[in-house]
């Protein structure tokens, strides 16, 4: 089918989005781009090149949405007009949909799915690419982690040398990919107080990318992230250009960070909890620095930003405070557990496990999550499980040692929420750990009850 003229194709795509919203079939965040790319395959590249300040792409297994929101906050504070895929539709169709609304924008900022990144890099010719992390995730869709590493390496090799690559120096695979680029900025955590001295059993990248020898770690932060080196060939983590010299974690209430940058120090009180958000803040800071934003603008802007949809998002449901923590792979789930254990009260959990396309149909990853930590010292007071694979999750917790009386299996998400709220009424706190499509279901339940907006209304 020959390409339609750009204006005609764009008008048809916008109309499809409006119709989707009017019919209640969704937020119109993907259908316009899907149709546009069918009617005019070159449209994404054309629209990206028309944005005067260029395109910024952020990608990684975990933290894309939160980091994009943090960068957006800094850009908004600087007065920059930005077009972004705010609702989190991060495949090519979502980026195309966002670009349909780019009129008047000075800069384009997109979070991008890991597998979609190479193609979108080729199409949009980005000014900045931020590579955050690579963890094992959705094996049925991505394949083994090495496959993604190879695809990212090839994409970076084809990147314009003038483009800036921001990368996580604490991730050995990401560092090996990005360090070869002639114009790069690294970030990482330097504070030894938040590190561990050994890798967890679910760590992914544990061998040198050059010679295959086992990596040595002076400090481990999350999964295989940390201060690493190879004693065989000498490959080692660089001292980051943007680095957290002090990290103070305050449970789910947030954290304080001291960040050193080439443009000066930043002291930051972040509302977002957990060390994974320490990394997100560093990635956002490094990206903002590469955009020539001043430290005095970056710090206050990041401090004001609240949690993204489902990422430590808090909702008051009657007398209970509900905290939603997206948990879609071992690294992310383990960090959520670590963060919850900083709280000083018994923990009531609602865990929602789906196995749909966006979650990954292989749910064997739950056996690499350290759920046993929740049972140590009797911290877990009650557990409700739901979703398509609720019984798989129930079995996982039974193997962890949870007594049957502490466990409820409720297949319906609305009914499971009701049951979990009743179980948690004594403390007034409930923690919800959903996979991605389960998060959308849970959000829809809250929206139907008038407690939150629909996810595509997140601005």
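Do we have any residue at all in the range 247-270 that's surrounded by 21 or more Cβ atoms within 10 Å (Cβ to Cβ) and closer than 22 Å to residue 149 by Cα? No. State whether the residues of the range 419-429 include one that is in contact with a helix residue (DSSP H, G or I) (Cβ under 6 Å, 6 or more places away or on another chain), crowded, with 16+ Cβ neighbours inside 10 Å and not in a loop (DSSP other than H, G, I, E, B). Looking through the range 419-429, none of the residues is in contact with a helix residue (DSSP H, G or I) (Cβ under 6 Å, 6 or more places away or on another chain), crowded, with 16+ Cβ neighbours inside 10 Å and not in a loop (DSSP other than H, G, I, E, B). Of all residue pairs spaced 6 or more apart or on separate chains, those with beta-carbon atoms under 6 Å, a first member in the range 155-167 that is more than 14 Å from residue 120 (Cα to Cα) and assigned by TED's automatic domain parsing to the domain that holds residue 130 and a second member that is at pLDDT 95 or above and in a strand (DSSP E or B) are 164/128; 165/129; 165/184; 166/130; 166/185; 167/131; 167/186. Only one entry in 315, 324 is farther than 19 Å from residue 190 by Cβ and crowded, with 24+ Cβ neighbours inside 10 Å, namely 324.
Residues in the range 287-304 that are closer than 29 Å to residue 433 by Cβ, touching a strand residue (DSSP E or B) at 6+ places or on another chain (Cβ under 8 Å) and either in contact (Cβ under 8 Å) with a residue 60 or more places away in the chain or crowded, with 21+ Cβ neighbours inside 10 Å (or both): 287, 302. Residues in the range 273-312 that are in contact with a helix residue (DSSP H, G or I) (Cβ under 7 Å, 6 or more places away or on another chain) and under 21 Å from residue 220 (Cα atoms): 273, 274, 275, 276, 277, 280, 281, 283.
The one condition from (1) farther than 23 Å from residue 136 by Cα; (2) part of a helix (DSSP H, G or I); (3) in contact (Cβ under 8 Å) with a residue 60 or more places away in the chain; (4) out of contact with any helix residue (DSSP H, G or I) (no Cβ under 6 Å at 6 or more places or on another chain) that residue 345 does not meet is (2).
Take the conditions touching a residue at least 60 places away in the same chain (Cβ under 8 Å), under 22 Å from residue 150 (Cβ atoms) and in contact with a helix residue (DSSP H, G or I) (Cβ under 6 Å, 6 or more places away or on another chain) and apply them to residue 222. Does it pass? Considered against the rule, which asks whether it is touching a residue at least 60 places away in the same chain (Cβ under 8 Å), under 22 Å from residue 150 (Cβ atoms) and in contact with a helix residue (DSSP H, G or I) (Cβ under 6 Å, 6 or more places away or on another chain), residue 222 comes out as no. Taking each residue of the range 233-250 that is without any contact (Cβ under 8 Å) to a residue 12 or more places away in the chain and looking for partners that are in a loop (DSSP other than H, G, I, E, B) with beta-carbon atoms closer than 7 Å, six or more apart or interchain, yields 236/230.
Annotation: of all residues in the range 408-418 being out of contact with any strand residue (DSSP E or B) (no Cβ under 6 Å at 6 or more places or on another chain) and part of a helix (DSSP H, G or I), the one that is surrounded by the fewest Cβ atoms within 10 Å (Cβ to Cβ) is 415.
Within the range 104-116, identify whether any single residue is at positive phi and touching a residue at least 60 places away in the same chain (Cβ under 8 Å), and answer yes or no. Within the range 104-116 (the criterion being at positive phi and touching a residue at least 60 places away in the same chain (Cβ under 8 Å)), the answer is no, since none of the residues qualifies.
The values are calculated or read from the model by the stated rules, or taken from the named source; none is laboratory data. Owing to the predicted nature of the structure, the values given are computational and were not obtained by experimental measurement. Glycine gets a Cβ as well: all are built from the backbone with ideal geometry, and neighbour counts include every protein chain shown.
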